[in-house]
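The values are calculated or read from the model by the stated rules, or taken from the named source; none is laboratory data. For clarity, every value in this text was computed on a predicted model and none was experimentally measured. Virtual Cβ from ideal backbone geometry, glycine too; neighbours counted across all protein chains shown. Ligands, DNA and RNA are stripped out before the accessible areas are found, and what is left, the full protein with its side chains, is counted by its heavy atoms. Shrake-Rupley method; radii C 1.70, N 1.55, O 1.52, S 1.80 Å.
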Amino acid sequence: MELKPRLAAFDMDGTLLNKESQMTQVTKEACLKLQQQGCKLVLSTGRTFGSAQIPIDAFPFDGFVCSNGATVLESDGTMVQQTLLPNHLVADAIRALRQEVLYYEVHDTASNRWMIQEDRERLEALLNEDTSLEGISIRKFAFYKLAKIIRLQEMLEMLDDPKTEMVKLFIWHNDPELLEWVREQLAPLGSQVNITSSGRHNVELLPQGVSKWEGLQYFCSKWGIAAEEVMVFGDAENDREALTHAGYSVAMENASQEIKALANYIAPHHDEARFIHERIIGGR
């Protein structure tokens, strides 16, 4: 079957990026060929816009759907759409999460990733007691280094300011039971938020109604592209809506069976470049 997408949307971690969180030269070349044949390329990620720029090395994507759809940006980084978390709900979530020692951060529209200083100190103390402790060995992760530290009182004061624009709460832990506890703590926020995940070890709190697919609708409308002409690459729960609605849905081999069941096609483990060459470029 010849595949002719007019828009291809790429998840990043576990999909576009390799295990070292890099966009390889082979992947760049495959994407450029696809772009040269008239297909628009959109980065569709749970990352903030700033964080998404680090591994792609200025690759010329045609647009960006970031923070799982809470922010939508043009190719030059101009924000064209944003959906905010109510500040009082962010404050409520922080108070609930602080009952346990775990890693969490709050993302704003300026790509800042905020972490509470007191909670980071608690986490560091636990790490120093047992550096091999299962579930909190996070110092190796980039997000641990990128976070901006703020004292709890300053964060609460920031959230009292209506000018503060938060789009996501990101929680990470290796213990699935603790992540289930996190979901239980966030559940009372109910219909006012969307709870999802971009991987096995995290939970993400988003504004209600936000998803990658909703973010992609901006570009579909702008370029006159129908859902059946969209190809989506994904591997996690936060790709569910996009994989369900896109005409060409491609799950990665490294995805869960549940996510793969949503897709029309399966791409090799961390290797959409091979899929692009074999199923799209070679078919045109």
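For the range 179-269, give me every one of the strands (runs of 3 or more DSSP E) that falls completely inside it and has 1 or more residues that are more than 18 Å from G46 (Cβ to Cβ).
On the way: elements: 193-196, 202-207, 230-234, 248-252, 265-267.
Those strands (runs of 3 or more DSSP E) span 230-234, 248-252, 265-267.
Look through the range 112-164, keep the residues that are part of a helix (DSSP H, G or I) and among the small types (G, A, S), and return whichever of them is modelled with the highest pLDDT. Give the derivation first.
First, pick out the residues of the range 112-164 that are part of a helix (DSSP H, G or I): 117-129, 142-146, 152-160.
With among the small types (G, A, S) added as a condition, the list becomes 125, 142.
Numbers: A125: 84, A142: 61.
The extreme case among them is A125.
Kindly indicate the residue of the range 171-204 that is surrounded by fewer than 21 Cβ atoms within 10 Å (Cβ to Cβ), over 22 Å from A242 (Cβ atoms) and in contact with a strand residue (DSSP E or B) (Cβ under 8 Å, 6 or more places away or on another chain) and also modelled with the lowest pLDDT among those meeting that condition.
L189
Give the number of residues within the range 212-235 that are closer than 12 Å to G69 by Cβ, in contact (Cβ under 8 Å) with a residue 24 or more places away in the chain and open to solvent by 10 Å² or more (accessible area, probe 1.4 Å).
From the range 212-235, those closer than 12 Å to G69 by Cβ are 212-219; that's our starting set.
With in contact (Cβ under 8 Å) with a residue 24 or more places away in the chain added as a condition, the list becomes 212-216, 218-219.
Within this subset, residues satisfying the condition of being open to solvent by 10 Å² or more (accessible area, probe 1.4 Å) are 213-214, 218.
Selection size over the range 212-235: 3.
Which condition does D92 not pass, out of (1) outside the structural domain of M155 (by the TED database); (2) more than 18 Å from the chain's Cα centre (by Cα), if it passes all the others?
The one condition D92 does not meet is (1).
Please go through the range 255-272 and give me each residue that is out of contact with any strand residue (DSSP E or B) (no Cβ under 9 Å at 6 or more places or on another chain) and either open to solvent by less than 70 Å² (accessible area, probe 1.4 Å) or within 20 Å of Q35 (Cα to Cα) (or both), ordered by number. Show your work before the answer.
At the first step, the residues of the range 255-272 found to be out of contact with any strand residue (DSSP E or B) (no Cβ under 9 Å at 6 or more places or on another chain) are 256-258.
Answer for the range 255-272, where residues must be out of contact with any strand residue (DSSP E or B) (no Cβ under 9 Å at 6 or more places or on another chain) and either open to solvent by less than 70 Å² (accessible area, probe 1.4 Å) or within 20 Å of Q35 (Cα to Cα) (or both): just S256.
Which of the numbered conditions does K168 fail, given that it passes all the others? Conditions: (1) surrounded by fewer than 23 Cβ atoms within 10 Å (Cβ to Cβ); (2) not assigned by the TED database to the domain that holds K19.
The one condition K168 does not meet is (1).
Hey, can you tell me all the residues within the range 236-254 that are farther than 23 Å from K4 by Cβ and either open to solvent by less than 10 Å² (accessible area, probe 1.4 Å) or touching a Gly at 6+ places or on another chain (Cβ under 7 Å) (or both)?
A236, N238, N254
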